[in-house]
Amino acid sequence: MDLNSEILIVAAFIFFFAAFIHGSIGFGFPMIATPLLALVTDIHTAIILTLIPTLLVNLASIASEGNILYALRRHLSLALLAMTGSAIGTLILIFTNSHIFEALLGLVIIAYLLSERIKINLSWIYMYPHLSKVVFGISAGILGGLTNVMAPILVIYSLESKYTKSEIIQASNFSFMFGKTVQLVLFSVHGKYNLSEFLISLVMLVAVSLALYLGINIKKKINANIYKRVLRAFLSVLAMTLIIKVAYNSGITIVSN
């Protein structure tokens, strides 16, 4: 991978912005960083560069909520399911194109956001906790492996499972962390991750660390109701971003007079 200085500067700003958003709402780093980085590099490079910074972001977000060991015991099964799905998705990503999966993810998010208006019943998630955990854990992991974005699926599961703000943050970040760990291993085994990417990732940790600190301080001032509205608004923006990105990568243009 050969990245010039201009791209590295742009990447540093992207990492800072994505980490700040993640720190302030508890998730979102790979969701923001990946599509933005892919505009100046490619999807594989974007995912690879975010691997190590994502692990730092996950650890910081988990620690900021406290009771780490209790949270790990509570969310371990979901994280392991996400890790399994991430392994499957990563192997597919290594050998194929992931654009179609990004578009599918955007449509899934839009369907969820419209579910209240069109009266789609998702009560089965709360009624069948074990089944829903398997379905959403594996699905989130596969989509995370393919697109570096698993938060929307986990947020859907967490909100419908009546998780608290803290539980949403820790469940999501443990799942990210487990998924990114197995992804890092698989990329390395298949020769897709080398010393150059590792060193660039380490440099980007400076911007990520500063942004996380600022974002986490803001998060403490957001109440639960505002937090849920922010989550839904964030999902809306993400869905449109994914769909526009797929159209861009497919060469679809909008002509204006």
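Close Cβ contacts (under 6 Å, 6 or more residues apart or on different chains) running from residues in region 187-214 that are part of a loop (DSSP other than H, G, I, E, B) to residues that are surrounded by 12 or more Cβ atoms within 10 Å (Cβ to Cβ) comprise His190/Ile94; Tyr193/Ile48; Tyr193/Phe187. Only one of the listed residues (Leu154, Leu238) is among the hydrophobic types (A, V, I, L, M, F, W, C), modelled with pLDDT of 85 or more and either buried (at least 20 other Cβ atoms within 10 Å of the Cβ) or touching a strand residue (DSSP E or B) at 6+ places or on another chain (Cβ under 6 Å) (or both). That residue is Leu154. Going by what's in this entry, would Phe20 be described as crowded, with 20+ Cβ neighbours inside 10 Å, part of a helix (DSSP H, G or I), of a type in the set (A, V, I, L, M, F, W, C) and at pLDDT below 90? Yes; evaluated as a whole, the condition is true for this residue.
Looking at Leu146, is it farther than 18 Å from Leu59 by Cα, in contact (Cβ under 8 Å) with a residue 12 or more places away in the chain and in contact with a Lys or Arg (Cβ under 8 Å, 6 or more places away or on another chain)? Against the criterion (farther than 18 Å from Leu59 by Cα, in contact (Cβ under 8 Å) with a residue 12 or more places away in the chain and in contact with a Lys or Arg (Cβ under 8 Å, 6 or more places away or on another chain)), Leu146 does not qualify.
Just for region 23-33: of the residues that are among the small types (Gly, Ala, Ser) and part of a helix (DSSP H, G or I), which one is surrounded by the fewest Cβ atoms within 10 Å (Cβ to Cβ)? It would help to see each step written out before you state the result.
Our first condition is that a residue be among the small types (Gly, Ala, Ser); within region 23-33, this holds for 23-24, 26, 28, 33.
Narrowing further to those that are part of a helix (DSSP H, G or I): 23-24, 33.
Numbers: Gly23: 26, Ser24: 21, Ala33: 29.
Here the answer is Ser24.
For region 50-79, a residue qualifies if it is in contact (Cβ under 8 Å) with a residue 24 or more places away in the chain and among the charged types (D, E, K, R), and the qualifying residues are Glu65, Arg74.
If I filter region 142-149 for residues that are outside any helix (DSSP H, G or I), crowded, with 19+ Cβ neighbours inside 10 Å and at pLDDT below 85, do I get at least one hit? Before the answer, list the steps.
Filtering region 142-149 down to residues outside any helix (DSSP H, G or I) leaves 148-149.
Filter once more, keeping what is crowded, with 19+ Cβ neighbours inside 10 Å: 148-149.
Then drop every residue that is not at pLDDT below 85, which leaves 148-149.
Yes; the residues of region 142-149 include at least one that is outside any helix (DSSP H, G or I), crowded, with 19+ Cβ neighbours inside 10 Å and at pLDDT below 85.
Does Leu131 satisfy being surrounded by fewer than 14 Cβ atoms within 10 Å (Cβ to Cβ), of a type outside the set (Lys, Arg), more than 14 Å from the chain's Cα centre (by Cα) and modelled with pLDDT of 90 or more? Explain how you work it out, then say what you get.
On the way: surrounded by fewer than 14 Cβ atoms within 10 Å (Cβ to Cβ): yes; of a type outside the set (Lys, Arg): yes; more than 14 Å from the chain's Cα centre (by Cα): yes; modelled with pLDDT of 90 or more: yes.
When the stated conditions are applied, Leu131 passes them.
Regarding Leu59, is this residue assigned to a helix (DSSP H, G or I), among the aliphatic types (A, V, I, L, M) and buried (at least 19 other Cβ atoms within 10 Å of the Cβ)? No: the conditions fail for Leu59. Checked against the criterion of being within 18 Å of Ile43 (Cα to Cα) and hydroxyl-bearing (Ser, Thr, Tyr), region 194-215 contains one or more residues that satisfy it. Of the residues making up region 199-213, those that are among the aliphatic types (A, V, I, L, M) and closer than 16 Å to Ile25 by Cα are Val208, Leu210, Ala211, Leu212.
Checked against (1) touching a Pro at 6+ places or on another chain (Cβ under 9 Å); (2) farther than 26 Å from Ser236 by Cβ, His22 meets all criteria but (2).
The values are calculated or read from the model by the stated rules, or taken from the named source; none is laboratory data. No experiment lies behind these values; they were computed from the predicted model shown. Reconstructed Cβ throughout: ideal geometry from the backbone, glycine too, with neighbour counts over all protein chains shown.
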